[in-house]
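K.L.:
There's a structure below that I have some questions on.
The values are calculated or read from the model by the stated rules, or taken from the named source; none is laboratory data. Only a predicted model underlies this, so the values are computations on that prediction, with no experimental measurement involved. So basically every Cβ, Gly included, is an ideal-geometry build from the backbone, and we count neighbours across all protein chains shown.
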Amino acid sequence: MTTQAPERNWPTSDVARVAEPPGEGPRVSVVLFCSQSVEHTPRILEELLAFLGPRSADHELILSLDGHLGGLHARFAERVAGLGWVRIVRLHAPMGQIATIRAGAAIATGRYIVTYPAYPQVRPDAIDAIVSRLSGDEYVVGYRLSRKGSEFNRVASRLFNQLIAWTTGVTFHDLACGLHGMRDYVATAISGYGQNQLFLPILLAREGFRIGEVGVPSDTSGATLRLFGPATFGRRALDLLTLAYLVRFTQKPLRPFGALGLVLLLVGLVLGGVLVYQRLFLGSALAERPLLLLSLLLVTAGIQVVILGFLGELLLYLHFRDQAHYRVAEWFHGEEGDVWVEGWDEGGAAGAVADPEDGVGRDHTSDGEPARGGRSRAATSPADTNPRT
């Protein structure tokens, strides 16, 4: 049996917060984000208005524009005037995809938030496929079932996705697709780091959110052949290196820097030892020997790299010493026999208290069936949970 959580003094935290139950308002918020190309944005806006118009009772549309698109903002504001279910937000300066998505999600009021790209990738009816998967997953990535483009670009995209799977341990079919979906409380956990949307599912998977994928129909009407130059692939390579580091070493920066520094230091010491041995026992002169300079350089570089790792550890300690860098999924009150599960289930209950006979660690609906609970909002609130207090 499940009942709404009574008033009580739950432990507090500076990291995890009980997700709020969905209230009255739209069920789905579609965030049309535009940070770069605007050539196809008017057509895509018209398609979304036609698709979402009959559903405006439980859908809303949010146009989120980057800071340099002031002219587009005025044009769209005139177009959607009088439509109460459409809102527009524009950043103060060019900030990139992540900031644009965060700005749109911040004013979204729906239980489900769907990000929609402002360039031809998918059709509006793909939104339904994303929303249907959000009943089980907390973040859903769409992948195009058929893609129009050069064979070289498709091969490069597959290679990039495989490299991401190898370096991060998270596998996706089409990270370049901008159609993503998330539950409302997941949006508050999106970090402001990075400029590209491909960071989001990988970093959220690292935080423990349930990530899913769903195939969606591609938009081939009006799509143009795009050829990516060397600069694009260079940026993607740097993104890949950044993701690998963030996923593996964010909490332990001394490991990569320490390992590299120790290798450099060891090689430098070995070279120096060989030179000293040759000077003392073989009579070889040290002057004007390049190996001596190389040995000193390696030793110095090794020490500096190790110090960088220690500085990273020090910064982490100073940043997290007063914070609990984790999210509480559930906890059990032994005296009262209650189980608290964070998030909201499909029935709309948040922070539900379940009968322990139903099984510790599960959220349940009113008819007794297990429900998929959500995760907490990453924010500071008196309603937070922290077992340290």
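K.L.:
Counting only residues that are hydroxyl-bearing (S, T, Y) and surrounded by fewer than 18 Cβ atoms within 10 Å (Cβ to Cβ), which one in the range 123-147 is farthest from G215 (Cα to Cα)?
P.N.:
Applying the filter and picking the extreme gives S135.
K.L.:
Has the range 59-67 got any residue that is modelled with pLDDT under 90, assigned by TED's automatic domain parsing to the domain that holds C177 and more than 30 Å from F320 (Cβ to Cβ)?
P.N.:
Yes, the range 59-67 has at least one match.
K.L.:
Cβ contacts < 6 Å: first residue under 13 Å from V28 (Cα atoms), restricted to the range 38-60; second residue among the charged types (D, E, K, R) and at pLDDT below 95, any location; separation 6+ or different chain. Result?
P.N.:
The qualifying pairs are D58/R27.
K.L.:
State yes or no: is L63 under 23 Å from the mean Cα position of the chain (by Cα) and without any contact (Cβ under 8 Å) to a residue 60 or more places away in the chain?
P.N.:
yes
K.L.:
Is it the case that some residue within the range 305-313 is crowded, with 16+ Cβ neighbours inside 10 Å, out of contact with any strand residue (DSSP E or B) (no Cβ under 9 Å at 6 or more places or on another chain) and acidic (D, E)?
P.N.:
Yes, the range 305-313 contains a residue that is crowded, with 16+ Cβ neighbours inside 10 Å, out of contact with any strand residue (DSSP E or B) (no Cβ under 9 Å at 6 or more places or on another chain) and acidic (D, E).
K.L.:
Looking at the range 126-142, which of its residues are among the β-branched types (V, I, T) and within 19 Å of the chain's Cα centre (by Cα)?
P.N.:
I130, V131, V140, V141
K.L.:
Filtering the range 281-305 down to residues that are of a type outside the set (A, V, I, L, M) and part of a helix (DSSP H, G or I), which residue is farthest from the chain's Cα centre (by Cα)?
P.N.:
F281
K.L.:
Then there is this: Cβ contacts < 9 Å: first residue not assigned by TED's automatic domain parsing to the domain that holds I202 and modelled with pLDDT under 90, restricted to the range 77-103; second residue assigned to a helix (DSSP H, G or I) and loosely packed, with under 14 Cβ neighbours inside 10 Å, any location; separation 6+ or different chain. Result?
P.N.:
Close Cβ pairs satisfying both conditions: none exist.
K.L.:
While we're here: Just one of L49, L72 is part of a helix (DSSP H, G or I), assigned by TED's automatic domain parsing to the domain that holds C177, buried (at least 17 other Cβ atoms within 10 Å of the Cβ) and at pLDDT below 90; which is it?
P.N.:
When all the criteria are applied, what remains is L72.
K.L.:
Among the listed residues F228, F209, which satisfies the condition of being within 29 Å of D125 (Cβ to Cβ), surrounded by 13 or more Cβ atoms within 10 Å (Cβ to Cβ) and modelled with pLDDT of 80 or more?
P.N.:
F209
K.L.:
Here is a further query. Can A118 be described as out of contact with any strand residue (DSSP E or B) (no Cβ under 8 Å at 6 or more places or on another chain) and either within 30 Å of A244 (Cβ to Cβ) or charged (D, E, K, R) (or both)?
P.N.:
When the stated conditions are applied, A118 does not pass them.
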